[in-house]
Amino acid sequence: MQSPQILVGAGPAGLALALSLLKNGVAVRIIEKDARNHVGERGAGVIPRTLEIEHFLGVADDVLKAGINMPIRHVFDPNDPYRIIKSQPMMQEVKETPAFPITHGIMLGQWHHQAIFRKHIADLGGTVELGTTLVGIEQDESGATAEIVRTIDGAEVKEKIKYTYIVGADGARSTVRKVLGLNFVGETREEGMMYIVDARVEGINIEGPEGERRASLYFFGDRKKKMAGLRGTARPGHFQIVFAGNEVDITTLKARGDKEAIQTLLNDITQRTDIKITDITWQNEWRPNIRMAERFHVGRVFIIGDAAHAHSPTGGQGLNSSIQDSFNLAWKLALVVKGHALPALLDSYEVERVPVIAEMLKITTNLFNRVFSIDTQQALARAEASAASDPYDDLFTRGRKLFQLDLNYRWSTIVRDERYAAAVENAGDVYGVEGHDLRAGDRAPDAPGLTTLTAKNSLPPAAPVTRLFDVFSPSAHTALVFSPRSAGEAQPLLDALRGLQAGLFRKVLILPAGTSHEGVPFSDVDIVFEDAEGHVLRGYGLDSAGNAPTVILVRPDGMVGAFARSAAGIKDYLSALNSRFRSI
């Protein structure tokens, strides 16, 4: 492995980046200022695109096993606190398709989510250094020196170590961001403050269908004055309780912090005495902090996740956007550190992520404004009192757009699409629209139903591969070479891919169903598939592309880097990456 890079912060963003780098053969040092691993549910909603990323990272099976389905929201009658007047799903029901195999999110407490990442990091030889704080950074042309304070047996030990790159994933109060002198542009609001408690609770539970692992979210009280929301978690009997409203005395709750005060407030709001808190595991106040850093990197130092952007929880985009930050940066950092690309490639992290985060802040802030406006509160109260559906239902149901499945980087300086004369110059609808034509910069679709004609020993790694999502790798580009009529017609494109360094590209030849296998250049590719069910043809828009052989270059983050129809198109993409992929 290369000399370690240092990651500051062991939350979801830092751990996702660490795991991605380790899978790329890049050693990392992970430091965390807290003396123990994080506890608390915090960002518990995991959307479909994040689950796809975690599939590529090899953690999805553990995450899905530990998580539960998205909750049903139940609203109790203020005049009869034992009667439910409304029940509503929290996520839009979207049918799975061959191109989109994951369309349902899950709930998993952040503490548990992070534990899964730490296990996989440990399996690759990584570890988190707790009680270790970054206090300063000095940069020059050759690297960045981190000034660190470690607590060992109660004593502080100072050290200075030079790294090639430093990444700050140290939260909204980021030391890294402050040391860089970056403005955290935005606002902190007083309205909409909440007090959040993770606790074991007895006396409330609504069973779903037999065998279904689903959380429930229970709402009590007056939204404007005093409201309590209790959300079930993946741990039976454990709930996250949110208190909000103008008459909730958050200052006193924070000062006292005892079970009795919280139980008294819960009784007051619910008008019930059978809902009992038996244990509190974590509690804190939350206030709306809506901000984005003016830059996401300076020199050899980067910021990701909450260190780069803070926002309302409405929409459930925070943890998910943070993991996407990490997955976007990791492969680029790995290529540069290992000498396969010039440092200029790293500029594309900010180019691609800033417009996405700006749009995410706009979406979540709009939802927040609507949820906490007086007019909305009054309308919701009227609708819920009458048990009627209302035009505000979308405030509590995450629509497909928030699944981030159509998120794109079409405007990026490092994507190429040879099928179009003009490049996309400006970021448009970065969250995309359902049913769009696939272009470079979009998410690469899955395609199941593949028949393997041949595969080299290094691929597939386990059971026979029958889908593209099991070919894509966080440590390599995947070159999908599609030849619509015969394998021989793809030879000029395969020749253009020849000589690329082993391990950096997986070369996959895909033949339509019924195509002759005669003359297939098995030695030039890692795997040959027959598109037996036509999902590659349709999912990648190749059914309307004429008879031209096409290469789709899928990046290690699962996004389409390029559509190329010629050797020149392939070369143009590799040049855009500032790459050194050729064998020497």
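Per-residue answers, yes or no, for (1) in contact (Cβ under 8 Å) with a residue 60 or more places away in the chain; (2) open to solvent by 10 Å² or more (accessible area, probe 1.4 Å); (3) more than 18 Å from the chain's Cα centre (by Cα):
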position: 24; (1), (2), (3): yes, yes, yes
position: 35; (1), (2), (3): yes, yes, yes
position: 38; (1), (2), (3): yes, yes, yes
position: 57; (1), (2), (3): yes, no, no
position: 62; (1), (2), (3): no, yes, no
position: 73; (1), (2), (3): yes, no, yes
position: 78; (1), (2), (3): yes, yes, yes
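Cβ-Cβ below 7 Å, separation at least six or inter-chain, first residue in region 10-21 and surrounded by fewer than 24 Cβ atoms within 10 Å (Cβ to Cβ), second at pLDDT 95 or above: which pairs?
Listed by first residue and then by second, the contacts come to nothing, as the list is empty.
Could you give every pair whose Cβ atoms fall below 8 Å, whose first residue belongs to region 96-124 and is under 13 Å from residue 16 (Cα atoms), and whose second residue is modelled with pLDDT of 95 or more and among the hydroxyl-bearing types (Ser, Thr, Tyr), counting only separations of at least 6 or pairs across chains?
Correct list of pairs: 121/127.
Please specify each residue of region 170-184 satisfying the condition of being at pLDDT 95 or above, touching a Lys or Arg at 6+ places or on another chain (Cβ under 8 Å) and within 16 Å of residue 325 (Cα to Cα).
170, the sole residue that qualifies.
Looking at region 323-332, can you tell me whether even one residue there is open to solvent by 10 Å² or more (accessible area, probe 1.4 Å) and either over 20 Å from the mean Cα position of the chain (by Cα) or within 20 Å of residue 38 (Cα to Cα) (or both)?
Among the residues of region 323-332, not one is open to solvent by 10 Å² or more (accessible area, probe 1.4 Å) and either over 20 Å from the mean Cα position of the chain (by Cα) or within 20 Å of residue 38 (Cα to Cα) (or both), which makes the answer no.
Among the residues of region 253-280, count how many are touching a Phe, Trp or Tyr at 6+ places or on another chain (Cβ under 7 Å) and in contact (Cβ under 8 Å) with a residue 60 or more places away in the chain.
The qualifying residues number 1.
Could you run through region 280-309 and say how many residues are in a strand (DSSP E or B) and open to solvent by less than 10 Å² (accessible area, probe 1.4 Å)?
5
If I ask for residues that are acidic (Asp, Glu) and either over 26 Å from the mean Cα position of the chain (by Cα) or buried (at least 24 other Cβ atoms within 10 Å of the Cβ) (or both), which ones from region 535-582 would you list?
Residues satisfying the conditions are 543, 572.
Somewhere in region 247-260, is a residue under 28 Å from residue 48 (Cβ atoms) and open to solvent by 40 Å² or more (accessible area, probe 1.4 Å)?
Within region 247-260, not a single residue is under 28 Å from residue 48 (Cβ atoms) and open to solvent by 40 Å² or more (accessible area, probe 1.4 Å).
Scan region 440-458 for residues that are surrounded by fewer than 18 Cβ atoms within 10 Å (Cβ to Cβ) and modelled with pLDDT under 95 and jot them down.
Once the filter is applied, which keeps residues that are surrounded by fewer than 18 Cβ atoms within 10 Å (Cβ to Cβ) and modelled with pLDDT under 95, region 440-458 yields 451, 452, 453, 454, 456, 457, 458.
Under 8 Å by Cβ, and 6 or more places apart or on different chains, what pairs join a residue from region 285-311 that is of a type in the set (Phe, Trp, Tyr) with one that is assigned to a strand (DSSP E or B)?
Here the result reads 286/194; 286/195; 286/196; 296/302; 296/303; 302/166; 302/167; 302/168, each pair linking region 285-311 to a residue that is assigned to a strand (DSSP E or B).
Residues in region 104-141 that are polar (S, T, N, Q) and assigned to a strand (DSSP E or B): how many?
The qualifying residues number 3.
What pairs come up if the first residue lies in region 183-199 and is without any contact (Cβ under 8 Å) to a residue 40 or more places away in the chain, the second is aliphatic (A, V, I, L, M) and open to solvent by 80 Å² or more (accessible area, probe 1.4 Å), and their beta carbons are under 6 Å apart, counting only those six or more places apart or on different chains?
So the pair list comes out empty.
Give the residue that is surrounded by the fewest Cβ atoms within 10 Å (Cβ to Cβ), with candidates limited to residues of region 476-495 that are closer than 14 Å to residue 519 by Cβ and of a type in the set (Ser, Thr, Tyr).
So the residue we want is 486.
Take residues that are touching a Cys at 6+ places or on another chain (Cβ under 7 Å) and tell me which of the strands (runs of 3 or more DSSP E) falling wholly in region 1-91 contain 3 or more.
none
Any chance region 345-358 includes a residue that's open to solvent by less than 20 Å² (accessible area, probe 1.4 Å), closer than 27 Å to residue 572 by Cβ, modelled with pLDDT of 95 or more and among the small types (Gly, Ala, Ser)?
yes
Which fully enclosed strands (runs of 3 or more DSSP E) of region 448-530 have 1 or more residues being in contact (Cβ under 8 Å) with a residue 24 or more places away in the chain, closer than 30 Å to residue 329 by Cβ and not hydrophobic (A, V, I, L, M, F, W, C)?
By residue number, 477-482, 505-512.
The values are calculated or read from the model by the stated rules, or taken from the named source; none is laboratory data. For clarity, every value in this text was computed on a predicted model and none was experimentally measured. Backbone-built Cβ (ideal geometry, glycine too); neighbour counts: all protein chains shown. SASA here: full protein model, heavy atoms, side chains in, ligands and nucleic acids out. Shrake-Rupley method; radii C 1.70, N 1.55, O 1.52, S 1.80 Å.
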